[in-house]
Amino acid sequence: MRVVLQRVSQASVKVDNSITGEIGIGFLILLGVVPEDTIEDIQWLVNKSMNMRVFSDEEDKMNLSIKDVDGAFLVVSQFTLNASTKKGNRPSFIKAARPDHAIPMYEEFCKHLHSKSGLQVEKGVFGADMKVELINDGPVTIIVDSKLRE
């Protein structure tokens, strides 16, 4: 499982010109699921996401977590995070999980994120053509992969 954490001052996602999720300060999380992902991957990434200290403290140092700033999460499914670009110029998405596995994993990730953090969790619509708007604060963008655990 892979996430892209983007620190935002605001973000929203629209489907068919209707807002399905919207936050102020927090993280826009792009979430990619692979077939091998399990509940352990979810738990590890939720812990990383809610404890990542990239929000500014009173001395303008990245020292606070999203919980410290009472932020919110906007989680958007993104199978393209698992693209393979090894051959040619057209990405292959065969490493991405099929919807029968990816949808429950996405829903479980959002549920765990809310229950563990106690913060607002907004969502996109799995598989929909979404329009994501954000103001990337910093910019701060961090990629975290549960299989690499760097």
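If you restrict to DSSP beta bridges whose two residues both lie in the chain, what percentage is antiparallel, to the nearest 5?
So the antiparallel bridges amount to about 75 percent of the total.
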Could you state the angle between the C-alpha long axis of helix 99-117 and the longest principal axis of the C-alpha atoms of the chain, as a value from 0 to 90 degrees rounded to the nearest 10? 10 degrees
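Per DSSP H run of at least 4 residues, take -39500 (n - 2.57); add these up for the chain, divide by its residues and hand me the 222 nm value, nearest 500 deg cm²/dmol. Spell out each step's value before the answer.
Details: 2 runs with 32 residues, N = 150.
Using -39500 (n - 2.57) per qualifying helix, the result is -7000 deg cm²/dmol.
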Loop only per DSSP, at most 14 neighbouring Cβ atoms within 10 Å: give me the chymotrypsin sites (Phe, Trp or Tyr not before Pro) in the range 101-138, ordered by residue number. none
GluC sites (Glu not before Pro) restricted to the range 24-126 and DSSP loop, no more than 13 other C-beta within 10 Å: Glu36, Glu58, Glu59
Residue of Val76, Val13, Val125 that the Gaussian network model of the chain assigns the largest fluctuation, springs spanning Cα pairs under 10 Å: Val125
With a/c under 1.5 counting as rounded, go ahead and sort the range 1-53 into rounded, prolate or oblate using the C-alpha gyration tensor (a ≥ b ≥ c being the square roots of the eigenvalues; past the cut-off, prolate if a/b is larger than b/c, else oblate). oblate
For Rg/Rh (Cα atoms, Kirkwood Rh), pick the label among (1) 0.99; (2) 0.96; (3) 1.23 that corresponds to the value derived from the coordinates. (2)
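No value in this document is a laboratory result; all are computed from the given coordinates. Please read all numbers here as calculations on a predicted model, not as lab measurements. Glycine gets a Cβ as well: all are built from the backbone with ideal geometry, and neighbour counts include every protein chain shown.
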